[in-house]
Structure formats: structure tokens, C-alpha cells
């Protein structure tokens with residue numbers, strides 16, 4: 001798994017780190033940036049059905065797009081889990 005520690009304490013059990021469970025390795029990054037340097041946040045959504053799992057999205061991106069893994073930094077599921 002990537003060494004970057006992902007914790008969003010305010011989300012409690014609604015935050016799940018799936019990097020060891022989904023296929024691919026596009027999330028093996030490490031980047032520390034002070035929040036004062038962040039000027040914009042882009043939110044992008046998939047056109048997939050809301051029943052599609054992060055694993056299924058990752059498989060699609062790998063098999064159909066030829067990517068190294070899932071094309072998102074975070075996935076928010078139907079029940080609000082990040």
C-alpha cells in the first residue's frame with residue numbers, strides 16, 4: 001500500500017482506505033502540501049451506476065482505459081462512505 005497516511009477523522013467510520021483492496025497502483029503517491037497552498041478543489045463524478053463498487057470502477061479504468069488504476073483520488077459511495 002502507499003505510504004501516505006490517509007485519515008479524515010471528521011468522517012469517522014465513513015472513511016475507508018481501500019488502496020490495498022482495489023486493483024492497480026495509481027494511488028502509490030506521496031505528496032505533502034500545506035492546506036494554505038490549496039486554492040481549488042475539483043469534484044468529478046463517474047457516469048457509472050450508483051451500484052458500481054470502487055473495485056469495479058478500478059477494473060474498468062484498468063481494462064478499458066489502460067490506466068494503472070482507478071482514476072480518482074477518492075470515491076464517495078451511495079451511502080456516503082469516502
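The values are calculated or read from the model by the stated rules, or taken from the named source; none is laboratory data. Quick caveat: nothing in here was measured; it's all calculated off a predicted structure. We place every Cβ from the backbone using ideal geometry, glycine too, and count neighbours over all the protein chains shown.
What the table shows:
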| read-out | value |
| --- | --- |
| Residue satisfying condition, being surrounded by 10 or more Cβ atoms within 10 Å (Cβ to Cβ), in a loop (DSSP other than H, G, I, E, B) and either in contact with a strand residue (DSSP E or B) (Cβ under 6 Å, 6 or more places away or on another chain) or touching a residue at least 60 places away in the same chain (Cβ under 8 Å) (or both), within set 81, 46 | 81 |
| Within region 1-18, tally of residues that are at pLDDT 75 or above and surrounded by 10 or more Cβ atoms within 10 Å (Cβ to Cβ) | 6 |
| Of all residues in region 27-40 being assigned to a loop (DSSP other than H, G, I, E, B) and modelled with pLDDT of 80 or more, the one that is nearest to residue 72 (Cα to Cα) | 40 |
| Top-ranked residue of region 49-78 - restricted to ones that are assigned to a helix (DSSP H, G or I) and touching a strand residue (DSSP E or B) at 6+ places or on another chain (Cβ under 9 Å), ranked as surrounded by the fewest Cβ atoms within 10 Å (Cβ to Cβ) | 59 |
